[in-house]
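Participant: Following this message is one structure expressed as structure tokens.
The values are calculated or read from the model by the stated rules, or taken from the named source; none is laboratory data. Keep in mind the model is a prediction, meaning the values are calculated, not measured. Virtual Cβ from ideal backbone geometry, glycine too; neighbours counted across all protein chains shown. Heavy atoms of the whole protein, side chains included, go into the accessibility calculation; ligands, DNA and RNA do not. Shrake-Rupley method; radii C 1.70, N 1.55, O 1.52, S 1.80 Å.
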Amino acid sequence: MIMNAVVIAVCLMLFLSFIRINVVVSLTISAVVAGLVGGLDIHQTIAAFNDGLGGGAQIALSYALLGAFAAALSHSGLTTLISHSIIKKLGKEPNSGNTQVVRWLLLVTILLMAVSSQNILPIHIAFIPILIPPLLHVISKLGIDRRLIACILTFGLVTTYMILPIGFGGIFLNDILLANLNTNGLNAIGEQIPKAMLLPAMGMVVGLLTAIFISYRKPREYMIEQPVVSDTIATTISRKSLVISLSAIVVTLIVQLQTDSMIFGALSGFIIFRFSGIIKHEVSKDLFNQGVHMMANIGFIMIAAAGFAAVVKSTGEVGTLVTSLGDIIGDNKALAALLMLIVGLLITMGIGSSFSTIPIIATIYVPLALSFGFSVAATIALVGTAAALGDAGSPASDSTLGPTAGLNADGQHDHIRDSVIPTFIHYNIPLLIFGWIAAMVL
């Protein structure tokens, strides 16, 4: 099991990322190692990697255009005006009586935005580069630890799809989890899925509360930059700019929902800004390039992650990894549940997507779980938790990449140390514990 190509490649990728090797480089090197250790020659490995790259191209282009839309929205003055209004409410003294009120209002607002981005307004991480950068001055002035913001964002992005069958939650719970469970002989029904995932999701709640009230409750100092606009400029933002900005947001959302494409949604919003007169012709190109640059890193990581996943699948080592558990487990049901969850953690951290993990593991996990006598609800919890494990805490997951893209807009938030490690500790550990409990008691 230890010499399995999946285990080696994922551990190598995490190690390289931790020592500050670029995540794209880490994924590419680890993909080559996975292929060679998994029995592929160098040509087969490269071919599998290249074939997989196309799977991440759509996501990469989506994020690039969302970055351009976010830059245009910021240039319109709307997000700056929101940030400036919050700053004014703080007063001149950081320790004034309304500081704690504003702090909690800010944290709750960010949490609600993250939750609604998965279900109510299914725009996923698109809101982060729009909402967070203008608020960094406020966050720094309040002394809020950005690792806490990363944990809040990731909680909303992950926990919501685990239990609410609407939007992305509907895709995860019904279209992917339920479908793959029944395809492999479980005979589950839709009503069982959210109920079975409720207990594992409580682990996410425990992690969030730990981050808020224990780990990151103390202030953390950041270099505070001046707000983007002054009092005078903030009050003179035209009504036309605000109307066009709000219109662009609405059109972007409608087009995305109607076409099921973030690409055309973001493009529509940017076009509105470009031809409305808010953005001058001579700066539109610079804004587009600025926005694409802001989100390009996420896009390249997702492309590399798709190539990594393709190599891992080509080796066939995922099946070998799971079946090799039989020799270790014996007839120990508790150990079987624990090891299945750990393997799911490894696979998802490497691939970076819980949605992509379920089809890989369900084929093997369902028969294995049934052979150990796990109930239908317990099997649902096992497979669902095994897939969700690693979504938080993976260097290649958009649940960590999205928060980093927003929080590092001023260069003061490290992806690995400030997003990946905090979310891994606060969510994967309690999720592993609560997922195991669910498998044993359901």
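Participant: Could you order peptides 29-39, 361-371, 189-199, 304-314 by the average number of other Cβ atoms within 10 Å of their residues, highest first? The partial results should precede the final answer.
Facilitator: Values: 29-39: 21.8, 361-371: 19.8, 189-199: 17.5, 304-314: 26.2.
So the peptides 29-39, 361-371, 189-199, 304-314, ranked by packing, come out 304-314, 29-39, 361-371, 189-199.
Participant: Something else: For segment 134-179 and segment 418-442, write down the distance between their C-alpha centroids in whole Å.
Facilitator: The distance from the Cα centre of segment 134-179 to that of segment 418-442 comes to 15 Å.
Participant: Ranked by accessible surface with a 1.4 Å probe, highest first, in what order do 250, 10 come?
Facilitator: Ranking 250, 10 by accessible area, largest first, yields 250, 10.
Participant: Normalized C-alpha radius of gyration of segment 1-72, against 2.2 N^0.38 Å? Intermediate values should be presented prior to the final figure.
Facilitator: Numbers: Rg = 15.1 Å, N = 72, 2.2 N^0.38 = 11.2 Å.
Here the answer is 1.35, to two decimals.
Participant: Find how much the distance from residue 437 to residue 195 grows on full extension, using 0.36 nm per residue of separation minus their present alpha carbon separation; answer in nm with one decimal.
Facilitator: Here the segment from residue 437 to residue 195 would lengthen by 85.7 nm.
Participant: May I pose another question? So, by mean Cβ neighbours within 10 angstrom, what's the order for 399-412, 161-174, 202-215 with the highest one leading?
Facilitator: 399-412, 161-174, 202-215
Participant: Let me ask something additional. By accessible area of protein heavy atoms, probe 1.4 Å, what ranking do 217, 146, 274, 239 get, highest first? Intermediate values should be presented prior to the final figure.
Facilitator: On the way: 217 140, 146 0, 274 55, 239 200 Å².
The most accessible residue leads, giving 239, 217, 274, 146.
Participant: Sticking with this structure for a sec: Over the alpha-carbon set of segment 1-42, divide Rg by the Kirkwood Rh and report the Rg/Rh ratio to two decimals.
Facilitator: My calculation of the ratio gives 0.99.
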